[in-house]
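Have a look at the structure below, then the notes.
The values are calculated or read from the model by the stated rules, or taken from the named source; none is laboratory data. Since we're looking at a predicted model, the values are computed, not measured. Quick reminder, even Gly has a Cβ in these numbers, built from the backbone with ideal geometry, and neighbours come from all protein chains shown.
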Amino acid sequence: MLNVDTSQVSLSREEMERFSRHLILPEVGLEGQKRLKAGKVLCIGTGGLGSPLLLYLAAAGVGRIGIVDFDVVDTSNLQRQIIHSTSGVGKPKVESAKHRLLEINPYCQVDVYNVALKANNALDLFRDYDVIVDGTDNFPTRYLVNDACVILGKPNVYGSIFRFEGQATVFNYQDGPHYRDLYPEPPPPGLVPSCAEGGVLGILPGIIGVIQATETVKILLGVGTTLSGRLLLYDALKMSFRELKLRKNPATPPVTELIDYEQFCGIPTVSETKPAAVETITVHDLKARMDAGKDFVLVDVRNPNEYDICRIPGSVLIPLPDIEQGPGIEKVRALLNGAELIVHCKSGMRSARALGILAQAGIVGKNLEGGILAWGDAYDPSVPKY
Amino acid sequence: MAVTVLIPTPLRPYTDNLEAVEVEGETVAAILQNLITRYGDLKRHLLTEGGQIRNFVNIYVNDEDVRHLEQGQHTPITGPAVISIVPSIAGGGHA
């Protein structure tokens, strides 16, 4: 059981009333509520997963909650990041979250770290906390959170989501397996679309985040059986839960120090991406070509549902998966007939990938810088920042 | 005999959006090979050039990771079984 010192902790009359439904539960009781109050939990990210789990941790009476996030609240977050509000758009997420948590439970100490978690600050940030909760959205940070937890011997409450599916477990708890036992390496960049590209059902992180909150509270209380050694899979469309065995892998190398996680995950540095990048064109050049009636073909490689949201006049939809799988390449070739090719997506990443594939098939084109979002900023205010 | 292979959301674009596929094969490796023969685009997501299961994809026979089975990929499948493909996903935070 996690070593939590409750000798200096007491509950006021107001706190007794607030937590009365815990106090009358034999598995929690006064001693358990004191353990929660003495508990220190650090949550990485206040996004889809962090939002619901932080709300419940504060409501449950966890005494000290740390939050790490460097982002600001955006309108497109509000579909799932329920700790934030419309009035918080544009504010730092950690401030928006702290405000809400103290409204729920003023007895909670909320420490905010408005920084990006990096190898040079992770150990210092984690050291003072009992449990680390991973609510991040990318592979480099997930491996960093894992390794720092392994080095410091902290439990890592893990949750991850994609579209309609979620995964949850507890890593590095009571000599149990950790993230590298489950997945020794991350997929190369670009192989799996991110939530920003692939979308996510807003309620999904609610389910997974609340599972993470449940596991965190159980660890602090020292009750029940945690998900350590089990990977829980959730499918919202089928409304099914499955459980897989998760074991320590003897082949996993020991984690002894933090590394360069961007490099480990194969993410090229800025200086590496620029020279290799495909030829680009600005939205202003595109507008000038349109106004001059030039002969060009504008291909939109986003998904059909994104094309329904907004489009640039005259663009032809050929989704990136179509190009990746081959048929799209011939569609592009058939369209061109000697004309100049301009390719765009939402912000320029997928169109660059499409142009890389097309180049291998002998088709050369230009990438629209900043995608349809940049076009919207410059020429079409009706384009939503989706 | 045919076993059910469960396809996760990120890989369904490569299996005509099917969430489960019935595949013949005597071992895990044979079943994966037959799956890839039917859906060629799955290959780079599942296997390395050398034919090993990639490090960011786990294959389970029922609830057990094949890496932890004595015969690994060559584990014979003799009775009714469900093979699950479970890839690494990272979503959850700011994006």
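Brief remarks on what is shown
- Any hit, region A:47-59, residues being among the hydrophobic types (A, V, I, L, M, F, W, C), within 12 Å of chain B (Cβ to nearest Cβ) and in contact with a strand residue (DSSP E or B) (Cβ under 9 Å, 6 or more places away or on another chain): yes
Matching residues to (1) of a type in the set (A, V, I, L, M, F, W, C); (2) crowded, with 21+ Cβ neighbours inside 10 Å; (3) touching a His at 6+ places or on another chain (Cβ under 8 Å):
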{"position": "A:S20", "(1), (2), (3)": "no, no, no"}
{"position": "A:V41", "(1), (2), (3)": "yes, yes, no"}
{"position": "A:G45", "(1), (2), (3)": "no, yes, yes"}
{"position": "A:G48", "(1), (2), (3)": "no, yes, no"}
{"position": "A:I67", "(1), (2), (3)": "yes, yes, no"}
{"position": "A:S76", "(1), (2), (3)": "no, no, no"}
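- The set of residues from region A:237-248 being at pLDDT 95 or above and either touching a helix residue (DSSP H, G or I) at 6+ places or on another chain (Cβ under 8 Å) or at the interface with chain B (Cβ under 9 Å from one of its Cβ atoms) (or both) comprises A:R242, A:E243, A:L244, A:K245, A:L246, A:R247, A:K248.
- Condition met for A:D137 (in contact with a Gly (Cβ under 9 Å, 6 or more places away or on another chain), farther than 22 Å from A:V217 by Cα and in contact (Cβ under 8 Å) with a residue 60 or more places away in the chain): yes
- Of B:D41, B:D63, all but one fail to be within 14 Å of chain A (Cβ to nearest Cβ), closer than 19 Å to B:T9 by Cβ and surrounded by fewer than 19 Cβ atoms within 10 Å (Cβ to Cβ); the exception is B:D41.
- Any hit, region B:16-23, residues being of a type outside the set (D, E, K, R) and either under 10 Å from the mean Cα position of the chain (by Cα) or under 22 Å from A:P184 (Cα atoms) (or both): no
- Condition met for B:N58 (surrounded by fewer than 16 Cβ atoms within 10 Å (Cβ to Cβ), at the interface with chain A (Cβ under 10 Å from one of its Cβ atoms) and free of Cβ contacts under 8 Å to residues at least 60 places away in the same chain): no
- Qualifying positions in region A:9-44 - under 20 Å from A:G209 (Cα atoms) and in contact with a helix residue (DSSP H, G or I) (Cβ under 8 Å, 6 or more places away or on another chain): A:L36, A:G39, A:V41, A:L42, A:C43, A:I44
- For region A:147-178, the tally of residues that are surrounded by 24 or more Cβ atoms within 10 Å (Cβ to Cβ), without any contact (Cβ under 8 Å) to a residue 40 or more places away in the chain, away from chain B (no Cβ under 14 Å) and among the hydrophobic types (A, V, I, L, M, F, W, C) stands at 1.
- Yes/no for A:D137 being surrounded by fewer than 22 Cβ atoms within 10 Å (Cβ to Cβ) and acidic (D, E): no
- If you go through region A:346-386 and pick out every residue that is surrounded by 21 or more Cβ atoms within 10 Å (Cβ to Cβ), under 14 Å from A:G328 (Cα atoms) and aliphatic (A, V, I, L, M), you end up with 3.
- Residue, nearest to the other protein chains (Cβ to nearest Cβ), within region B:68-95, restricted to residues that are more than 22 Å from B:A2 (Cβ to Cβ) and surrounded by fewer than 18 Cβ atoms within 10 Å (Cβ to Cβ): B:H68
- Test: residue in region A:185-200 that is away from chain B (no Cβ under 12 Å), in a loop (DSSP other than H, G, I, E, B) and either at pLDDT 95 or above or farther than 27 Å from A:D147 by Cα (or both): no
- A:E15, sole failed condition from (1) in contact (Cβ under 8 Å) with a residue 12 or more places away in the chain; (2) assigned to a loop (DSSP other than H, G, I, E, B): (2)
- Candidates A:L101, A:L123, A:L144, filtered to the one that is surrounded by 21 or more Cβ atoms within 10 Å (Cβ to Cβ), more than 10 Å from chain B (Cβ to nearest Cβ), modelled with pLDDT of 95 or more and more than 29 Å from A:S85 (Cβ to Cβ): A:L144
- Complete set of residues in region B:74-95 that are modelled with pLDDT under 90 and over 30 Å from A:L54 (Cβ atoms): B:T78, B:G79, B:P80
- Residue match in region A:206-220 (condition: facing chain B (nearest Cβ under 10 Å), touching a Lys or Arg at 6+ places or on another chain (Cβ under 9 Å) and either crowded, with 17+ Cβ neighbours inside 10 Å or not in a strand (DSSP E or B) (or both)): no
- Count of residues meeting criterion [hydroxyl-bearing (S, T, Y), assigned to a strand (DSSP E or B) and touching a residue at least 60 places away in the same chain (Cβ under 8 Å)] in region A:227-259: 1
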